[in-house]
Every structure is written in structure tokens, then in C-alpha cells.
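The values are calculated or read from the model by the stated rules, or taken from the named source; none is laboratory data. Keep in mind that this is a model prediction, so the values were computed, not measured. With ideal geometry, Cβ positions are generated from the backbone for all residues, glycine too; neighbour counts draw on all protein chains shown. Side chains included, ligands, DNA and RNA excluded: accessible areas come from the protein's heavy atoms. Shrake-Rupley method; radii C 1.70, N 1.55, O 1.52, S 1.80 Å.
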Amino acid sequence: MANESNETAQIESVGPVILLGPPGAGKGTQSRQIVERYGIPQISTGDLLRDNVGRGTELGLAAKAIMARGELVPDELMYGIVATRLREADCRRGFVLDGFPRTAAQAGWLDAFLAKEVFDNQARNCPPVVIQLLVDYTQLLLRLTGRRSCPTCGRLYNIHSQPPLVDELCDVDGSKLTIREDDREEVISGRLAAYETQTRRVADYYRTQKRLVAINADRTMEEVTAQIFGVIDGHRIDEHCQDER
Ligand code: AMP
Ligand code: ZN
């Protein structure tokens, strides 16, 4: 008897899902949709690291200064926390990785890890489904650099899409609008460029193996979500997901 697709999504193994995309692409929003529909956890390595920093663990102490500089924590330090987290019971049916892998070496390590660890029967040996959210960089830059706020009343503007009536002045009280420190163009473009360089190597790794699915993320949230669900549903019955051992 056929299950309702929602029910099926809850029962069956989903396997590993990896979302790639720059800050502002909607990764967080889409991860939440996946978590809700498939009942698998979202695993953010940034969150795991911040938790370690907060608890003052050995890893946290080692990672703190590196993270503060916005640099990548060495691969060898990442493997331990990722392995520990993925071995937890809630990951057996699958999981969404957010922020990992960030280097080609991490992607290779993840493949080796998934091949030798026993997850749920159907998720075992199942290579991750890798979804890349493609966004127009010019649009992304405009969206992020255009943000302004009023220091007096807190009202938000975007000089490109929602400009004030008078240049750089608040409509309500005429205060001079301000830019958040991390919204400054030189900071944003640096962050985006660094992200692109890193992600490109990870994307290349998966593309070479014909495992990268690119999705146009310059659409409504609902349209992007529907596409992602389609990719995950298709992947689960894919021949790659058979246990080949
Ligand atoms: P995020 O919250 O994903 O932006 O991550 C915050 C910081 O944690 C990054 O700037 C890195 O310093 C570190 N980090 C997160 N994930 C990784 C990873 N996969 N490899 C190396 N460093 C990472
Ligand atoms: Zn104001």
C-alpha cells in the first residue's frame, strides 16, 4: 500500500544531505524545511565549534582565535567533532550538514567516514546528496551592502530596494542612516570571496563525481524548497543508495 509522501519521508532513511551556498543564499531557511519534512537533524559545524568555545573545551580553546580571525579551523580538528556528532543515534536515518565540508580534504574524509560507518540499512554506504544553492553575486552584494538602519528609531532600509525618501536620511525622524559594521562592502565582499574560493573546491570535488546538484536560489523560498525536496526524494531511490557491501 502506498504511503502518503509526507509519512514516507518520516519513516525511510534519507541519508546525508549537504547544502552548499554563500551566506545570504538561504541555507539556514532551507535546512529548517528539510529538518521539518524528513525528521533528520541539522548539523552545523559552526554551532558545534561555538559550543566548544563556550564550554572552554580543548578544541574550543584551539579554535577560538582561528574563528575570531574568520579563518578555517584545521581539518584534523574538525574530523573528531564531526565523527562524534554523526555517530549519535539521531543521525542514523540521515542528517543535513551545514558548514561542512569546507575543503576538498574534508569532503574526501566524509566519504571515507560514511563508507565505513554503519548507519541505517538504506543510508549505509549512501553517498551524500549535495545541493548547491546558486545565487547571483551581484544581487547578493546589493542585498547585503544596501542595508541601512536608523540609529534613532531602528527602522530598516535598503538603499537599492527600499530606499528612504531623502538620501541616507530616515523618513520618520530625519536621522542620518547607519551601516552595520559587518555589512560594510569591503568586509562583505571579502567574506563572500573567501567563501566562494573554499566552496568552489568542495563543489568541484562533488561535480567531478557527478554528484553535485545545482539549484537556482534566486527564486521564492517555496520554489527553492520544492526543488530541494525533489532532489532528496529522487536521491533516496537512486541506485547509488543501494548497500553495495
Ligand atoms: P559558520 O557558522 O559556518 O560561519 O562557521 C563559523 C566559523 O567556524 C568559521 O568561520 C570557521 O572558523 C569555523 N568553521 C565552521 N565550519 C568549519 C569547517 N567545516 N572547517 C573549518 N572551520 C570551520
Ligand atoms: Zn528613524
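The antiparallel fraction among DSSP beta bridges confined to the chain stands at about 25%. Out of every Cα-Cα pair that segment 53-99 contains, those further apart than 14 angstrom amount to 58 percent. Of the trypsin sites (Lys or Arg not before Pro) in segment 30-117, the ones in a loop by DSSP (not H, G, I, E or B) with at most 10 other beta carbons within 10 Å are 69. Longest stretch of the chain clear of exposed loop sites (GluC sites (Glu not before Pro), DSSP loop, at most 12 other Cβ atoms within 10 Å, sites excluded): 89-243. Working from Cα pairs under 8 Å separated by at least six residues, relative contact order for the chain is 26 percent. Hydrodynamic radius of segment 122-203 by the Kirkwood approach over all distinct alpha-carbon pairs: 15.2 Å. For the pair residue 186 and residue 61, the difference between a 0.36 nm per residue extended length and the Cα-Cα distance amounts to 42.1 nm.
Modelled label positions at residue 32 and residue 223, each set 7 Å beyond Cα in the direction of Cβ, lie 2.1 nm from each other.
In the chain, the ratio of gyration radius to Kirkwood radius, Rg to Rh, stands at 1.03 when only Cα atoms are counted. Pick from 131, 66, 215: which residue has the top mean-square fluctuation in a GNM of the chain where Cα pairs under 10 Å get a spring? Taking springs between Cα atoms under 10 Å, the residue moving most is 66.
Carbon and sulfur: what percent of the chain's accessible surface (1.4 Å probe)? Display every interim value, and only then the final one.
On the way: 6810 of 13180 Å².
Whole-percent figure for carbon plus sulfur exposure: 52.
In this structure, the amide hydrogen of residue 72, modeled 1.01 Å from its nitrogen in the peptide plane, lies closer than 5 angstrom to no residue at least 5 positions away or on a different chain.
Enumerate by residue number the trypsin sites (Lys or Arg not before Pro) in segment 132-194 meeting two conditions: DSSP loop (anything except H, G, I, E, B), and at most 11 other Cβ atoms within 10 Å of the site's Cβ. Could the numbers behind the result be given before it?
Numbers: sites: 143, 147, 148, 155, 176, 180, 184, 191; in loops: 155, 180, 184.
Hits after loop and neighbour filter: 180.
Residue 225: net charge of surrounding residues, Cβ under 15 Å, Lys/Arg +1, Asp/Glu -1, itself excluded? Don't skip to the answer; put the middle values down first.
Values: positive: 27, 32, 37, 219; negative: 36, 218, 222, 223, 233.
Charge balance near residue 225 sits at -1.
A 1.4 Å probe run over the protein chains yields, for the chain, 54 Å² of accessible area per residue, whole-number rounding.
Here the Debye sum runs over all C-alpha atoms of segment 12-56 as equal scatterers in vacuum, and log10 of I(q)/I(0) at q = 0.13, 0.23, 0.28 Å⁻¹ comes out as -0.37, -0.89, -1.05.
Multiplying the sequence separation of residue 137 and residue 156 by 0.36 nm and subtracting their Cα-Cα distance, what value in nm do you get?
Numbers: separation 19, 0.36 × 19 = 6.84 nm, distance 2.21 nm.
Value of the extension gain: 4.6 nm.
Amide H contacts of residue 95 (H built 1.01 Å from N, in plane; Pro and chain starts excluded): 15, 17 sit under 5 Å, all sequence-distant by 5 or more or on other chains.
Note on the chain: helix-only mean residue ellipticity at 222 nm, from DSSP H runs of 4+ residues weighted -39500 (n - 2.57) and normalised by residue number, equals -15000 deg cm²/dmol.
With r defined as the distance between the Cβ atoms of residue 72 and residue 173 and R0 fixed at 30 Å, what FRET efficiency is calculated, to the nearest 0.05?
Working: r = 43 Å, r/R0 = 1.43.
E(calc), rounded to 0.05, equals 0.10.
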